[in-house]
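We did not get these values from a lab; they are worked out from the coordinates using the rules stated. All values derive from a computational prediction rather than experimental measurement. Cβ atoms come from the backbone with ideal geometry, glycine included; neighbour counts cover every protein chain shown.
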Amino acid sequence: MKLSGADIIVRTLIEQKCDVVFGYPGGQILNVYDSLYKYQNELRHVLTAHEQGAAHAADGYARATGKVGVVIATSGPGATNLVTGIATAYLDSVPLVAITGNVPNAQLGSDSFQEIDITGITLPITKHNYIVGDVSELADTIREAFRLAMSDRPGPVLIDVPKDVQIAVGDYEPAEPVQPYEKIQAKDIRIEQAASCINSSERPFVYFGGGLVSSGAAEEMLELAELTDAPIGCSLMGISGVPTDHPRFLGMQGMHGHYASSMAMHRADCIIALGVRFNDRVTGDRTKFATGAKIVHIDVDGAELAKTVTPAHALRGDLKKTLTKLLPLIEKKSHPDWQKKVAELRREEAQTLDNRDGMTPRRAIMTLNSHLGENTPVATDVGQHQMWAAQNLNFKRCRRFITSGGLGTMGFGMGGAIGAGIGVGERAVLVTGDGSFGMCLNELATAVSNNIPLVILLMNNGVLGMVRQWQTLFFDKHYSNTILDRKTDFVALAKAFGADGERVETPEELDAALTRAFAFEGTYLVECMIDKDEFVLPMLPPGGSMDDMIVKVGD
Amino acid sequence: MNGNFTIAILVENNFGVLNRVTSMFRRRRFNIKCLTVSETESAEYSRITIIAEGSKADKKQLIDQLYKLPVVTAIKELSDSVAVTSELLLIKVKNDPETRPLVRDAAEAFGAKTVDYTRESVMMQMTGGTHRVDAFIDLMRDYGIIEICRTGVVSLERGSSTIRKEEM
């Protein structure tokens, strides 16, 4: 059938089983918005306050559902406002399709009003991008973009559509939703070699990341840990990949990782790394990282193998497919000495836990835990609150921790929470700080006008806490530009946006406020006052090794 | 241990493809010493030949990162033992009666052809492997080089096999 390019875009999105898009209209994308109006019963559009919020919302939706998130923006500033959102998705391997309008083909390259080379700008932060030259290529380009975004290591893809292509009429034939490219399995011989390495280990450790979540291989991973009698740790991106209370799970690794988890990995003789990269935040000084361990590294992205640390066995393949092949080769073992050591590390960790009375960050998160449903998605922004949340939140289900790991995007949280809430169809939670919240609070308007049930736990310490922590430890307490002291009344602010909220100073008040927040129909902000000198601990100093870990801070 | 390696890359022959490849080299800090690009036997594909410098791990990382670009269809490492590698040099030197016979002798030895001749200058053209071209340029330094331009290497595997058999 004959349709306009704009109609083809919307029809193709519907055909690809996309049920919601996030975006913001503007001059060069007007035709698409006219089609969204026409098809509003089949495709929901969520208008945000800013294109960045729309990109983060599409990202949060994708993280929570595993589906491809879609964001739409106009040319020029609309497109450039997406950049931080696209980069956030790229660094965390989130499947995202961004559609931007642009000036007509004939005007491209002439610095027209609101013209920007967005394919050039997003080249390093997309898996691939397109500028559509002709309406005949439009539908297939969108299908290919979906396919690329979801295949192998997922990531964002951008499609720039000049206005004349949106107006032009072309043929459209509906097609089936695209499927990812065939999943690859690591080579049999590599799997056999890895199995014999694992079988001969005495102190195995399973370390997984976001790749395990996107591959849906949690069950296989748990079976591997069971067979090898290994403790389990994860990267920030792996959190919620297994239930937090799983008896083998020691928690997050890295600069602010759990003590027992980091130490156990450091002492292992075999690290089985699954869909995870050895980022500098995890390894610290690479030359001193787990020197006694052989690393078996399985990842769908071959370029991650041996990029930063040198594995003994590097297996390129889809995790689920590769683990399924590996499991039958793994011998059932038990390592009582190793388990004894792990139990000892757990005891050491328990002694370092912050059990002070009063409104401590850990107590705030523990209080939040008691209100979370099994299915509640919890998004965060970036900074101290993010690490406190990552360390202390309890998750039962996969894809419920929504956080910007690789890029560390302050301002991600509001969009991320809105998208995750819509994707899951449940009340979402945002844990944020006063610094980060200041970067994205305009999306309160989005949450309110779309009746999105959302609980915001704003941990307000009046400072940029994470930077302050570094200034305390490494910059002689020169608190350069980290004391906010902004006089913002966050509760009044929430009310001004049409939300509700309250301010609390004790754990009891917090508990009562959260009860009201979780019963509230709409968006509810709980401002929780935290001391400005609270630290995120433990801390591995940048470039340090596990032996340099700061567990407690003296004065 | 660092060394040079030659890699041939078959890419889609589209607008902006070279930019996608070189942008990746730039942002990942690969040290590219030489790059040539041209159409192939099929109008659908272009062929990029690069010489890069780095360790074995750098080479693996470069190839792995190339494979992630959707525009890349095939990649092959071409070592000297399996491939014929050549480049074209145009060199302009001073036309001085005193050194003229020496220039002529050297040109003959290297198989360089005179392609332009004026009272002040001689332009010669030669093809050959990189070392040979380097050696000829080095020799010409004594006689006053005015200007040079070289294409960078092109490389093709010996025998009947092609890069396309390695398609992903």
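The Cβ shell under 10 Å around residue A:409 holds other residues with a net charge of -3, Lys and Arg each +1, Asp and Glu each -1. When only alpha carbons of chain A are considered, Rg and Dmax amount to 23.9, 74 Å. Placing pseudo-labels 7 Å out from each Cα toward the beta carbon at residue B:77 and residue B:15 gives an inter-label distance of 3.7 nm. Of the GluC sites (Glu not before Pro) found in region A:1-110, those that fall in a DSSP loop while having at most 16 other beta-carbon atoms within 10 Å are A:42.
Farthest towards the positive end of the charge dipole of region A:1-125, among the residues A:102, A:73, A:120, is the Cα of A:73, using unit charges on the Cβ of Lys, Arg, Asp and Glu.
Could you give the distance between the Cα centres of region B:102-168 and region B:1-72, to the whole Å? A separation of 23 Å, based on Cα centres.
Charge dipole (Cα centre; +1 on Lys/Arg Cβ, -1 on Asp/Glu Cβ; no other charges) of region A:1-93 amounts to roughly 160 debye.
Here the sum of -39500 (n - 2.57) over DSSP H runs of 4 or more residues, divided by the residues of the protein assembly as shown, equals -10000 deg cm²/dmol at 222 nm, to the nearest 500.
Considered as an equivalent ellipsoid built on the Cα gyration tensor, region A:311-419 has semi-axes of 32, 24, 14 Å, the largest given first. In terms of its C-alpha gyration tensor, region B:84-154 comes out prolate, because a/c is 1.5 or above and the ratio a/b outweighs b/c.
For each of A:440, B:149, count neighbouring Cβ atoms within 10 Å of the residue's Cβ, then give the residues from fewest to most. Please report the intermediate quantities before stating the final value.
Values: A:440 26, B:149 9.
The fewest-first ordering by Cβ neighbours comes to B:149, A:440.
Computed over neighbours whose Cβ is under 10 Å from that of residue A:292, the net charge equals +2, Lys and Arg +1, Asp and Glu -1. Here's the picture: charge each Lys and Arg Cβ at +1 and each Asp and Glu Cβ at -1 in region B:3-77, and of B:70, B:32, B:45 the one pushed furthest to the positive end of that dipole is B:32.
Loop-located trypsin sites (Lys or Arg not before Pro) in region A:451-487 (DSSP state not H, G, I, E or B) with no more than 15 neighbouring Cβ atoms inside 10 Å: A:477, A:486, A:487. Tilt of helix B:100-110 relative to the longest C-alpha principal axis of chain B, in degrees (0 to 90, nearest 10)? Compared with the principal axis, the helix lies near 30 degrees. Applying the Karplus relation 6.51 cos²θ - 1.76 cosθ + 1.60 with θ = phi - 60° to region A:527-533 yields 3J(HN,Hα) values of 8, 10, 7, 10, 5, 5, 9 Hz, where x marks Gly and Pro.
In order along region A:265-280, the phi-based Karplus estimate (6.51 cos²θ - 1.76 cosθ + 1.60, θ = phi - 60°) of 3J(HN,Hα) comes to 5, 5, 9, 5, 9, 8, 9, 9, 9, 10, x, 8, 10, 8, 5, 4 Hz; Gly and Pro are listed as x.
For the protein assembly as shown, what is the charge dipole size about the Cα centre, in debye to the nearest 20, if Lys and Arg each add +1 at the Cβ and Asp and Glu each add -1 at the Cβ?
With only Lys, Arg, Asp and Glu charged at Cβ, the dipole is about 1160 debye.
To the nearest ten degrees, helix B:56-67 and the longest principal axis of the Cα atoms of chain B are 70 degrees apart.
Would you mind ranking A:197, A:528 by Cβ crowding within 10 Å, fewest neighbours first? Walk me through the intermediate numbers first.
Numbers: A:197 19, A:528 29.
In order of increasing Cβ crowding within 10 Å: A:197, A:528.
Go through region A:408-490 and name the chymotrypsin sites (Phe, Trp or Tyr not before Pro) that are in a DSSP coil and have 16 or fewer other Cβ atoms within 10 Å of their Cβ.
Numbers: sites: A:412, A:437, A:470, A:474, A:475, A:479, A:490; in loops: A:412, A:475, A:479.
Within region A:408-490, the qualifying chymotrypsin sites (Phe, Trp or Tyr not before Pro) (loop, at most 16 other Cβ atoms within 10 Å) are A:475, A:479.
Region A:277-356 and region A:222-265 have Cα centres lying 9 Å from one another. In units of the rule-of-thumb radius 2.2 N^0.38 Å, region A:2-171 shows an alpha carbon radius of gyration of 0.91.
Give the shape of region A:188-351 as rounded, prolate or oblate, defined through the alpha-carbon gyration tensor: a ≥ b ≥ c are the square roots of its eigenvalues, a/c under 1.5 means rounded, and otherwise the shape is prolate if a/b is larger than b/c and oblate if not. Mind showing how you got there, number by number?
On the way: a/c = 1.36, a/b = 1.20, b/c = 1.14.
Rounded shape, in that the Cα axes give a/c under 1.5.
Of all DSSP-defined beta bridges confined to chain A, some 5% are antiparallel rather than parallel. Taking other C-beta atoms within 10 angstrom as a stand-in for reagent exposure, B:105, A:160 fall in the order B:105, A:160, fewest first. Projecting the Cα atoms of A:13, A:179, A:206 onto the charge dipole of chain A, computed from C-beta unit charges around the Cα centre, puts A:206 farthest toward the positive end.
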